[in-house]
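Undergrad: Before I ask anything, here is the structure I am working with.
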Protein chains: 2
Amino acid sequence: MNGLLTDLYELTMAAGYFETGKADEQATFEYSFRRLPANRNFLLSAGLAQVVDYLLNLRFCGEEIDYLRGLTQFRRAPEAFFDYLHCFRFTGDLFAVPEGTPLVAGEPVLAIRAPIIEAQIPETYVLSAIAFQTSIATKAARCVETARGRAVIEFGTRRAHTPEAGVLGARAAYIGGCAGTSNTLAGFRFGIPVMGTAAHSWVMAFTSETEAFRQLQRVLGEAAVQLIDTYDTLEGARRAASLGKPGWGVRLDSGDFLSLSREVRAILDGAGLRDARIMASGDLDEYRIRELMRDGAPIDAFGVGTQLATSADAPALSAIYKMVELDIQGIKRYTAKFSEDKASLPGVKQIFREAERDVVARAGECGRGEALLRPTILRGRLVEDLPSVEDARRRAAESLAQLPAHLRELETAERGWPVFHSRELRELIGRTRQNLTP
Amino acid sequence: MNGLLTDLYELTMAAGYFETGKADEQATFEYSFRRLPANRNFLLSAGLAQVVDYLLNLRFCGEEIDYLRGLTQFRRAPEAFFDYLHCFRFTGDLFAVPEGTPLVAGEPVLAIRAPIIEAQIPETYVLSAIAFQTSIATKAARCVETARGRAVIEFGTRRAHTPEAGVLGARAAYIGGCAGTSNTLAGFRFGIPVMGTAAHSWVMAFTSETEAFRQLQRVLGEAAVQLIDTYDTLEGARRAASLGKPGWGVRLDSGDFLSLSREVRAILDGAGLRDARIMASGDLDEYRIRELMRDGAPIDAFGVGTQLATSADAPALSAIYKMVELDIQGIKRYTAKFSEDKASLPGVKQIFREAERDVVARAGECGRGEALLRPTILRGRLVEDLPSVEDARRRAAESLAQLPAHLRELETAERGWPVFHSRELRELIGRTRQNLTP
């Protein structure tokens, strides 16, 4: 069961809403990013499939309820609350931007409308699931953009924050445009292409490097990628070249990739292996790839690990999940937060994507362009099958291609993607700010 | 099943070892950190319990094996290899440093000795599981050290890289000395104290802030922590104070913590609530805590989220898992890697911790001080129950207290913890370097 996979305060608030007679009030919470991290001109949304899965399966089992019953924080909670948890199901609505959509700060990624307890409990899970995959998909898109058609492969599971993060990071990286992943379980679960080479231990397990290369070639045939830096990269390249075909090519994993790739290319070409390819891995990110591409390094594929799997230069996003509307017996109350630097905007919203700007409007308004937030779960049921990972990846590629070129650069653009508020939304913000006499 | 939770190349190498008749060769792999991240003078080991769990349950189910069979990379693999996977069990040995032990670069955290396939496949999982929890435990220890006795509470699940990373991060943070976590599942699974307050949505769900505070007090009694910054922090403090007891105190979540904590302290004291406590949360890390402590901010508890849950200034560690010995029908071969900046040392090792230094020796040598690597799994069976999370936390506190004070500072010390190699180890390194004619 996944009911306890949340912050304790979501559950104590749930008990509080229950006790104060608020369980039937309908609340809407919206998810958005407060600001873009440094050097990001967009965030590529991902993780929705995991949120849907979570909401459809949100339950509390007896053992978990007993655990809560034993905590001081629930000492005063009535038995009826625990009965309520026992029967808990998510019965509300989820509106969401499809995975693979670039967004900027202040735009709603999703909205959950449900009885207040059902909308409150998912906060922690939803914040983590969307922000993590979004950060990785974004990082992947940056690497892929910079590699201009050369393959970028996600190699970072070993650096991911738990092995499970490796699986979901691989998923997000694929949505962001990576050609595949080394993570086998991601291949099994999501149908993502899996790729791999061999490790230094393979080379060391044989009495000579040549023997290790020969055996790998025998076992993997055309899929063999020889790792040539265990002892000496150029010597390794010569040994690999001496064996001829079959084989995919070689992998560089240390040293100066620019000069080594040139020398290794010459060795392979000299041996008549013009089809043999060169992969580089080790401390790569979008900036290193850009340098190597600028300098014309003959590298055919980039294996990106640590920096991608942890989104190392922006390992956390400023995601928020804020109540924007409360519906008490048919009377709507708009809610917002006006604390310093941490404001949130009232009312349920829609994003209309036009050719050169987004307009954030109130839900229900008519607008031009594509309405990005779509009904995904209604009354606790999935409206239709979610787009596949392949669909999300295609959507990402198409949407990113339509972004102005300066927003696809690696540094923060002087002029970001423009987002306007509709007149109705501006009026609601003004009214709410006035009315909120705390 | 968890067999596919690894990089594809571990499995293609497994097939290769199988086909080349190496399945019975005994290999030993050692785990260590290449270097300490910036501003770290030690890394506090954590994550071993998850590694043990993984090894004892490592299996491949039929569906997973069928998936592998369908991949191009296994096109040439013999049917006997898939039969082998079907019966796969980890039958080897694990030697490991107990959780809660501070280590430095180049020291073995664990060693796996097993038939080469069984030692190879765990690489990816083990690298991720240990490095992640170690990075969080270390970050927590830094925050706790700096808070000098004030409580540090882990609040970061929403920023963790997947909700599961939130659970295991909470575990690691507790080992590192945090007083508790907001993660309910971590409480349920590991018995860690869980703590929580209320969110802005709670305050916004009521028609007035005072009403929200009154209701929270009614529901939570002495456990009530009033969040006072939804509209105006000082006004919020006055409203909370006007309600008197019972209650834990208040939480600041935005603004200038130094001045606000002083003003709020005065408001609480003025209302006769000298026992009421002040918690601060929002963009805290060990550096901010140090500033607030230096300035004498009257803050009783620090809720640390983003920076702790992602180890944001060091989101990845340079962990390696390298083959150090190979035993082919009783003949030992020592293995090492001498590539640029990425060397590894041959031979199975032990760490002897003396009062003011560590000596890394060959396994089997006698040494002074505590031998840190202990037999944990032998022939596929757990030797004895692992220490509890509480035990690991206690070990961490005791070990850190014994470190020289300058190594507990937040910046890199001029002189790190000294690590020496024993004479026997130095001789082995020299011999291996000479003999390794690739």
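Undergrad: Working only within region B:25-40, note down all residues that are surrounded by fewer than 20 Cβ atoms within 10 Å (Cβ to Cβ), within 12 Å of another protein chain (Cβ to nearest Cβ) and in contact with a helix residue (DSSP H, G or I) (Cβ under 9 Å, 6 or more places away or on another chain).
TA: B:25, B:26, B:37
Undergrad: If you don't mind, another one. Outside the structural domain of residue B:142 (by TED's automatic domain parsing) and surrounded by 22 or more Cβ atoms within 10 Å (Cβ to Cβ): is that true of residue B:43 in this structure?
TA: So residue B:43 fits the description; yes.
Undergrad: While we're looking at this one, here's another question. Looking at residue A:149 and the list (1) of a type outside the set (Asp, Glu); (2) under 30 Å from residue A:299 (Cβ atoms); (3) touching a residue at least 40 places away in the same chain (Cβ under 8 Å), which single condition is not satisfied?
TA: (3)
Undergrad: Restricting to region A:236-266, what's the tally of residues that are surrounded by fewer than 22 Cβ atoms within 10 Å (Cβ to Cβ) and either free of Cβ contacts under 8 Å to residues at least 24 places away in the same chain or away from chain B (no Cβ under 13 Å) (or both)?
TA: 12
Undergrad: Tell me which residues, restricted to region A:78-118, are over 30 Å from residue A:38 (Cβ atoms) and polar (S, T, N, Q).
TA: A:91
Undergrad: Kindly indicate whether residue A:324 is assigned by TED's automatic domain parsing to the domain that holds residue A:120, surrounded by 23 or more Cβ atoms within 10 Å (Cβ to Cβ) and either among the basic types (Lys, Arg) or under 26 Å from the mean Cα position of the chain (by Cα) (or both).
TA: Considered against the rule, which asks whether it is assigned by TED's automatic domain parsing to the domain that holds residue A:120, surrounded by 23 or more Cβ atoms within 10 Å (Cβ to Cβ) and either among the basic types (Lys, Arg) or under 26 Å from the mean Cα position of the chain (by Cα) (or both), residue A:324 comes out as yes.
Undergrad: Out of the residues in region B:46-93 meeting the condition of being among the aliphatic types (A, V, I, L, M) and touching a helix residue (DSSP H, G or I) at 6+ places or on another chain (Cβ under 6 Å), tell me which one is surrounded by the most Cβ atoms within 10 Å (Cβ to Cβ).
TA: Taking the candidates together, the pick is B:46.
Undergrad: Right, something else. Tally time: how many residues in region A:207-217 are modelled with pLDDT of 95 or more and more than 7 Å from chain B (Cβ to nearest Cβ)? Break it down into steps so the answer makes sense when it comes.
TA: First pass over region A:207-217, keeping only residues modelled with pLDDT of 95 or more: A:209-217.
Right, trim to more than 7 Å from chain B (Cβ to nearest Cβ) and you get A:210-214, A:217.
Number satisfying all stated conditions: 6.
Undergrad: Considering region A:64-87 alone, what residues qualify as being in a loop (DSSP other than H, G, I, E, B) and not basic (Lys, Arg)?
TA: Scanning region A:64-87 gives A:70, A:71, A:77, A:78, A:87.
Undergrad: Filter region A:220-234 for residues that are touching a residue at least 12 places away in the same chain (Cβ under 8 Å) and more than 17 Å from residue A:303 (Cβ to Cβ); which is nearest to the other protein chains (Cβ to nearest Cβ)?
TA: A:231
Undergrad: Here is a check on your reading of the model: is residue B:363 surrounded by fewer than 21 Cβ atoms within 10 Å (Cβ to Cβ) and under 30 Å from residue B:404 (Cβ atoms)?
TA: So residue B:363 fits the description; yes.
Undergrad: Got at least one residue in region A:53-62 being facing another protein chain (nearest Cβ under 10 Å) and touching a Leu at 6+ places or on another chain (Cβ under 9 Å)?
TA: yes
Undergrad: Going by the structure shown, is residue B:425 in contact with a Lys or Arg (Cβ under 7 Å, 6 or more places away or on another chain), over 28 Å from residue B:180 (Cα atoms) and in a helix (DSSP H, G or I)?
TA: Considered against the rule, which asks whether it is in contact with a Lys or Arg (Cβ under 7 Å, 6 or more places away or on another chain), over 28 Å from residue B:180 (Cα atoms) and in a helix (DSSP H, G or I), residue B:425 comes out as yes.
Undergrad: Follow-up. Here are the criteria: (1) modelled with pLDDT of 95 or more; (2) out of contact with any Asp or Glu (no Cβ under 7 Å at 6 or more places or on another chain); (3) buried (at least 16 other Cβ atoms within 10 Å of the Cβ). Tell me which single one residue A:308 does not satisfy.
TA: So the condition that residue A:308 fails would be (2).
Undergrad: If residue A:264 satisfies all but one of (1) more than 37 Å from the chain's Cα centre (by Cα); (2) in a helix (DSSP H, G or I), what's the number of the condition it fails?
TA: Failing condition for residue A:264: (1).
Undergrad: How many residues does region A:17-63 hold that are outside any helix (DSSP H, G or I) and on the phi < 0 side of the Ramachandran plot?
TA: Total satisfying the criteria: 30.
Undergrad: What are the pairs, 6+ residues apart or on separate chains, where a residue within region B:103-132 that is assigned to a helix (DSSP H, G or I) has its Cβ under 7 Å from a residue that is of a type in the set (Asp, Glu)?
TA: Partner pairs satisfying both residue conditions: B:116/B:25; B:120/B:10; B:123/B:10; B:124/B:7; B:124/B:10.
Undergrad: When you scan region B:3-24, how many residues do you find that are more than 8 Å from every other protein chain (Cβ to nearest Cβ) and either under 32 Å from the mean Cα position of the chain (by Cα) or closer than 18 Å to residue B:75 by Cβ (or both)?
TA: Final tally of qualifying residues: 3.
Undergrad: Within region B:174-184, how many residues turn out to be touching a Gly at 6+ places or on another chain (Cβ under 6 Å) and either without any contact (Cβ under 8 Å) to a residue 24 or more places away in the chain or assigned to a loop (DSSP other than H, G, I, E, B) (or both)?
TA: Residues meeting the conditions: 1.
Table: residues versus (1) in the same structural domain as residue B:38 (by TED's automatic domain parsing); (2) of a type outside the set (Lys, Arg).
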| site | (1), (2) |
| --- | --- |
| B:290 | no, no |
| B:297 | no, yes |
| B:328 | yes, yes |
| B:332 | yes, no |
| B:346 | yes, yes |
| B:357 | yes, no |
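Undergrad: Among (1) of a type in the set (Gly, Ala, Ser); (2) in contact (Cβ under 8 Å) with a residue 60 or more places away in the chain; (3) in a helix (DSSP H, G or I), there is one condition residue B:187 misses while meeting the rest; what is its number?
TA: (2)
Undergrad: Return the pairs, sorted by first residue and then second, in which the second residue is in a loop (DSSP other than H, G, I, E, B) and surrounded by fewer than 23 Cβ atoms within 10 Å (Cβ to Cβ), the first residue lies in region A:285-310 and is acidic (Asp, Glu), the beta carbons are less than 8 Å apart, and the residues are 6+ apart or on different chains.
TA: The qualifying pairs are A:285/A:312; A:285/A:313; A:286/A:410; A:300/A:150.
Undergrad: Within the group A:278, A:267, which residue is in contact with a Lys or Arg (Cβ under 8 Å, 6 or more places away or on another chain) and more than 24 Å from residue A:207 (Cβ to Cβ)?
TA: Answer to the check: A:278.
Undergrad: Taking region A:180-206 only, how many residues are within 7 Å of chain B (Cβ to nearest Cβ) and of a type in the set (Val, Ile, Thr)? Please lay out each step first, then the result.
TA: Initially, region A:180-206 is screened for residues within 7 Å of chain B (Cβ to nearest Cβ), giving A:182-185, A:188, A:194-202, A:204-205.
Next, from what is left, pick out any that are of a type in the set (Val, Ile, Thr): A:184, A:194, A:197.
Residues meeting the conditions: 3.
Undergrad: Would you kindly identify the strands (runs of 3 or more DSSP E) lying entirely within region A:269-352 that contain at least 2 residues that are within 29 Å of residue A:171 (Cβ to Cβ)?
TA: Counting at least 2 such residues, we get A:277-281, A:301-304, A:319-328.
Undergrad: Here are the criteria: (1) within 12 Å of chain B (Cβ to nearest Cβ); (2) in contact (Cβ under 8 Å) with a residue 40 or more places away in the chain; (3) surrounded by fewer than 22 Cβ atoms within 10 Å (Cβ to Cβ). Tell me which single one residue A:343 does not satisfy.
TA: Result: residue A:343 fails condition (2) only.
The values are calculated or read from the model by the stated rules, or taken from the named source; none is laboratory data. Since this is a predicted model, take the numbers as computed values, not measurements. Cβ: placed from backbone, ideal geometry, glycine included. Neighbour counts: every protein chain shown.
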